Amino acid sequence: MQTSVAITDIGRRRKVNQDYVYACDQPVGNLPNLYLVADGMGGHKAGDLASSYAVQKMIEAVSRCTDTRPALILQKSIRYANHKLFEKSKESEDYYGMGTTLVALTIDDREALAVNIGDSRLYEVTRDGIRQISEDHSLVAELVRKGEISPTQARSHPDKNIITRALGIQEEAQIDLFPFEVEKGNRYLLCSDGLSNMVEDTQLCRLIQKDQALYDIGAELIIEANRNGGTDNIAVVLVEIE
C-alpha cells in the first residue's frame, strides 16, 4: 500500500499557475494507482490549459484502456493525450505551440513504472539518500550527459529552461520508461522544475526524510522553493510506501 499528497503553488514571480498535479492511491482503470505532474508551456492562456488538458486526457485514456500491462497502458494513454493536445493546439492562435512536460508513476506491489517526457522529475528517497530516477529531456541535461558541463554548472546555466521533448508539440510523443522496485518506507517525489531548480537535491532529501506527515513535508518543500526565489510555479506529488 501507499499514501500520497499532491500540492501545487503559483510561486513568487508568475501570474498564472501552469503546473498541474494528480494523485490517486486507488485503481484507475487497470492501473493500481496513478501519480502525475505536468508543467505546461506556452503563452498566458496556453500553458495552464496544456498541463490540465493533457492530464485529464491521460486519465480518461487510462480509465478506458483494456490492456493489463502497465507499460502498455501508460504508453497508449500518453500517445492519446499527446494526440488530443496537439489537435487542441490548432483550435486557436492563442494555443499555437503549447505543450507540457509529464512525469507519471504507478506502483504494483513492489514493482513500479515511471514515464517521463520533458524535465519534470521523479526522485526516490530512502534512509540512505536520494536519487533521480527520471532523466531530463533538456538542453543542459544533454550537455551534462556529454560531459561538456557539470551538474553544478547546469543549475545556473542560462539555457536551463530549454526542453528538448514535450507532450503536444508534435504528432508523435517520444517518452522514456523507467521500471524499478520499491521498498517499504521509501518515499517518491514527482515535481516540476519550479522545485528542482530552486532546491538542491541534498535539501530535498533532508526535508523528505523527516518523520512528518506527507502533506507537511510537501508544504515545506514549497516554502523552501519560494524562500529560494520562487521564480516558477511549483508542483509536488509525494508518495510513501507503507
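Counting only residues that are in a loop (DSSP other than H, G, I, E, B), at negative phi and not aliphatic (A, V, I, L, M), region 70-109 holds 6 of them.
Quick one: would you say D39 is under 20 Å from G218 (Cβ atoms), acidic (D, E), crowded, with 17+ Cβ neighbours inside 10 Å and in contact with a strand residue (DSSP E or B) (Cβ under 7 Å, 6 or more places away or on another chain)? Criteria met by D39. Going by the structure shown, is K210 over 24 Å from R69 (Cα atoms) and of a type in the set (K, R)? In short, yes.
Looking across region 5-22, just one residue is small (G, A, S) and within 12 Å of the chain's Cα centre (by Cα), and that is A6.
Of all residues in region 125-168, those being assigned to a strand (DSSP E or B), touching a Phe, Trp or Tyr at 6+ places or on another chain (Cβ under 6 Å) and of a type in the set (V, I, T) number 1. Residue check: M98 meets all listed conditions (1) under 26 Å from L207 (Cβ atoms); (2) buried (at least 19 other Cβ atoms within 10 Å of the Cβ) but one, namely (1). Annotation: of all residues in region 50-85 being under 16 Å from the mean Cα position of the chain (by Cα), of a type in the set (A, V, I, L, M, F, W, C) and more than 17 Å from A23 (Cα to Cα), the one that is surrounded by the fewest Cβ atoms within 10 Å (Cβ to Cβ) is A81. If G168 passes every condition in (1) of a type outside the set (A, V, I, L, M, F, W, C); (2) under 15 Å from the mean Cα position of the chain (by Cα); (3) more than 13 Å from D9 (Cα to Cα); (4) crowded, with 22+ Cβ neighbours inside 10 Å but one, which one does it miss? Just one mismatch for G168, condition (2). Condition first: in a strand (DSSP E or B) and among the hydrophobic types (A, V, I, L, M, F, W, C). Can you find one or more residues in region 196-213 that meet it? No, region 196-213 has no match at all.
Checked against (1) in a loop (DSSP other than H, G, I, E, B); (2) under 22 Å from P70 (Cα atoms), L122 passes all but condition (1). Is it fair to say V37 is in contact (Cβ under 8 Å) with a residue 12 or more places away in the chain and in contact with a helix residue (DSSP H, G or I) (Cβ under 6 Å, 6 or more places away or on another chain)? No: the conditions fail for V37. Might you check whether a residue that is β-branched (V, I, T) and modelled with pLDDT of 95 or more occurs anywhere in region 113-123? Yes, some residue in region 113-123 is β-branched (V, I, T) and modelled with pLDDT of 95 or more. Looking at E183, E148, which one is surrounded by fewer than 19 Cβ atoms within 10 Å (Cβ to Cβ), without any contact (Cβ under 8 Å) to a residue 60 or more places away in the chain and more than 20 Å from the chain's Cα centre (by Cα)? Just one listed residue meets the conditions, E148.
Out of S134, S120, one residue alone is closer than 21 Å to C205 by Cα, in contact with a strand residue (DSSP E or B) (Cβ under 8 Å, 6 or more places away or on another chain) and without any contact (Cβ under 8 Å) to a residue 60 or more places away in the chain. It is S134.
The values are calculated or read from the model by the stated rules, or taken from the named source; none is laboratory data. All values derive from a computational prediction rather than experimental measurement. Positions of Cβ are generated from backbone atoms using ideal geometry, with glycine treated the same way; all protein chains shown enter the neighbour counts.
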